[in-house]
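**Q** Quick one: the structure is below, and I'll ask about it shortly.
The values are calculated or read from the model by the stated rules, or taken from the named source; none is laboratory data. Treat the numbers as computed from the prediction; the structure is a model and nothing was measured. For neighbour counting, all protein chains shown are included, and Cβ atoms are generated from backbone atoms with ideal geometry for every residue, glycine included.
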Amino acid sequence: MDSSWLDLPASEVDEAARQLLGRRLTAHGVTVRLTEVEAYSGLGEDPASHAHRGMTSRNAVMFGPAGRLYVYQIYGMHFCANIVCGEEGRAAAVLLRAGEVVEGLPYARERRPAARKDTDLAAGPAKLMQVLALDRSANGTSVIDGTGPLTLTDGPADPFVVEAGPRVGVTAAHDVAWRFWIKGDPTVSAYRRHAPRARRPQVS
């Protein structure tokens, strides 16, 4: 496997994110080709990052070593996964946002029965985790040495164009163009800018 992204410093997590596009993720009988990712930096550098305010029991995996999964839960029911990048001790990670199911379609369809089209099966970070049948138990496991449930491998050297734009659903640093996707790929998720909830007026 081409591991050049592993050697990049945490300060170049955006480049690591670009390099992960087109690679394959395999778990539990399904292989997904990555078509969309999102970069997050670390302590004091990126207000949208879980590691912005320092290490906690929740985000400790983000501080390395590189090549491990950082898995967290959203809305109390869905899981999202990031691949940790950069040197150990400095947090950086790439969110796995979307992909194309290239192997194991029957399993993917069974796990995502609500998907109307195959291009929708893994078109979002929680959907991607569902088709790969991954949850929080994968947190901290390696994607590069074969010991974890998810394995990252190189894909065919098919040419593609990378586009960049604002990240999705973050409450800070909205317009940082650290979301990267393969131009024209139908599995890329729809962009939705974060909309803060309106506060109810206080009654005096």
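**Q** What are the residue pairs meeting all of these: first residue in region 114-138, first residue closer than 18 Å to Asp185 by Cα and of a type in the set (Asp, Glu), second residue part of a helix (DSSP H, G or I) and modelled with pLDDT of 95 or more, Cβ atoms under 9 Å, and 6 or more apart or on different chains?
**A** As it stands, the answer is Asp118/Leu105; Asp118/Ala108; Asp118/Arg109; Asp120/Lys127, since those pairs meet every condition given.
**Q** Right, next: I'm trying to understand the selection: among the residues of region 45-91, which are of a type in the set (D, E, K, R), surrounded by 20 or more Cβ atoms within 10 Å (Cβ to Cβ) and modelled with pLDDT of 85 or more?
**A** Arg68
**Q** Could you identify the single residue in Ala51, Ala60, Ala10 that is in contact with a Gly (Cβ under 6 Å, 6 or more places away or on another chain) and more than 30 Å from Ala157 (Cα to Cα)?
**A** Sole residue among the options that is in contact with a Gly (Cβ under 6 Å, 6 or more places away or on another chain) and more than 30 Å from Ala157 (Cα to Cα): Ala51.
**Q** Additional query: Tell me, yes or no, whether region 101-110 has at least one residue that is β-branched (Val, Ile, Thr) and touching a helix residue (DSSP H, G or I) at 6+ places or on another chain (Cβ under 7 Å).
**A** yes
**Q** Let me ask something else about it. For the list (1) in contact (Cβ under 8 Å) with a residue 60 or more places away in the chain; (2) under 26 Å from His28 (Cβ atoms), I need the number of the one condition that Arg179 fails.
**A** Failed condition: (2).
**Q** Related question: Taking Ala91 as the residue in question, decide whether it is touching a residue at least 24 places away in the same chain (Cβ under 8 Å) and either part of a helix (DSSP H, G or I) or of a type in the set (Lys, Arg) (or both).
**A** Answer is no for this residue.
Every residue, every condition in (1) touching a Cys at 6+ places or on another chain (Cβ under 7 Å); (2) charged (D, E, K, R); (3) within 20 Å of Leu128 (Cα to Cα); (4) assigned to a loop (DSSP other than H, G, I, E, B), yes or no:
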site: Ser11; (1), (2), (3), (4): no, no, no, no
site: Thr26; (1), (2), (3), (4): no, no, yes, no
site: Leu34; (1), (2), (3), (4): no, no, yes, no
site: Gly42; (1), (2), (3), (4): no, no, no, yes
site: Pro106; (1), (2), (3), (4): no, no, yes, no
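**Q** Shifting gears a bit: For region 93-139, which residues satisfy the criterion of being crowded, with 17+ Cβ neighbours inside 10 Å, out of contact with any Asp or Glu (no Cβ under 8 Å at 6 or more places or on another chain) and β-branched (Val, Ile, Thr)?
**A** Val131
**Q** Give me a count of the residues in region 108-152 that are outside any helix (DSSP H, G or I), within 16 Å of the chain's Cα centre (by Cα) and of a type in the set (S, T, N, Q).
**A** Count: 4.
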